[in-house]
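To keep things clear, I will list the structure first and then write my remarks on it.
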Amino acid sequence: MRDSGNKPFWQAKSLDDLTPAEWESLCDGCGRCCLNKLEDWDTGEIAWTNVGCQLLDGDSCRCSDYANRQATVPDCVSLDVATVRAIGWLPPSCAYRLVAEGSDLYWWHHLISGDADTVHQAGISVRGRTVSEAGMALEDYEDHLAAWPGENPMDDAA
């Protein structure tokens, strides 16, 4: 366990040591993990789309049925410590990824700013930039490739 001192929990604890409430509060509400991604079977390269899960609320950037999401979307990836450490497609700005890597949160994260809207104000979230997967054929996802999230999350805010 990290030395806590007067540090906020995400600096003082590892992902393994977070309480369920701390874990849930780390989500910045960007909605990017709820976007469909295409993987090249030969190279493993991930291509991002602007196609959101059918449960993604495009305005709030939150799941419209979080508690029951896996009943509706069986392939929804539940983030836990092992998953965060194993998957490579989490956005570089994702708080779970940042904490796992020992980095701090960005200024626009609600735990820093005190305001859940700063992720949207900073242009980091998917607010207003998605289409729903509902009724869309899988082969049409290629028509919805998106350049974000970039390697540097602040590039997206520019």
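Could you check the range 35-60 and list, in sequence order, the residues that are open to solvent by 30 Å² or more (accessible area, probe 1.4 Å), not in a strand (DSSP E or B) and not polar (S, T, N, Q)?
40, 41, 42, 44, 45, 59, listed by residue number.
Is it true that residue 78 is assigned to a loop (DSSP other than H, G, I, E, B) and without any contact (Cβ under 8 Å) to a residue 12 or more places away in the chain? If you could, list the steps in order and put the result at the bottom.
Working: assigned to a loop (DSSP other than H, G, I, E, B): yes; without any contact (Cβ under 8 Å) to a residue 12 or more places away in the chain: yes.
So residue 78 fits the description; yes.
Condition first: touching a helix residue (DSSP H, G or I) at 6+ places or on another chain (Cβ under 9 Å), closer than 16 Å to residue 32 by Cβ and open to solvent by 40 Å² or more (accessible area, probe 1.4 Å). Now tell me which residues in the range 131-143 satisfy that.
Matches in the range 131-143: 131 only.
Filter the range 115-149 for residues that are free of Cβ contacts under 8 Å to residues at least 12 places away in the same chain and assigned to a loop (DSSP other than H, G, I, E, B); which is nearest to the chain's Cα centre (by Cα)?
Here the answer is 117.
Among the residues of the range 103-114, what is the count of those that are assigned to a loop (DSSP other than H, G, I, E, B) and farther than 14 Å from residue 9 by Cβ?
5
State all residues of the range 12-31 that are over 10 Å from the mean Cα position of the chain (by Cα), part of a loop (DSSP other than H, G, I, E, B) and small (Gly, Ala, Ser); if no residue qualifies, say none.
14
Scan the range 94-116 for residues that are open to solvent by 10 Å² or more (accessible area, probe 1.4 Å) and under 21 Å from residue 50 (Cβ atoms) and jot them down.
Within the range 94-116, 94, 97 qualify.
The values are calculated or read from the model by the stated rules, or taken from the named source; none is laboratory data. Predicted model, so just to flag it, every value in this text is computed and none were measured. Cβ coordinates were reconstructed from backbone atoms using ideal geometry, including for glycine residues, and neighbour counts include every protein chain displayed. Protein only, heavy atoms only, side chains kept; ligands, DNA and RNA dropped before computing areas. Shrake-Rupley method; radii C 1.70, N 1.55, O 1.52, S 1.80 Å.
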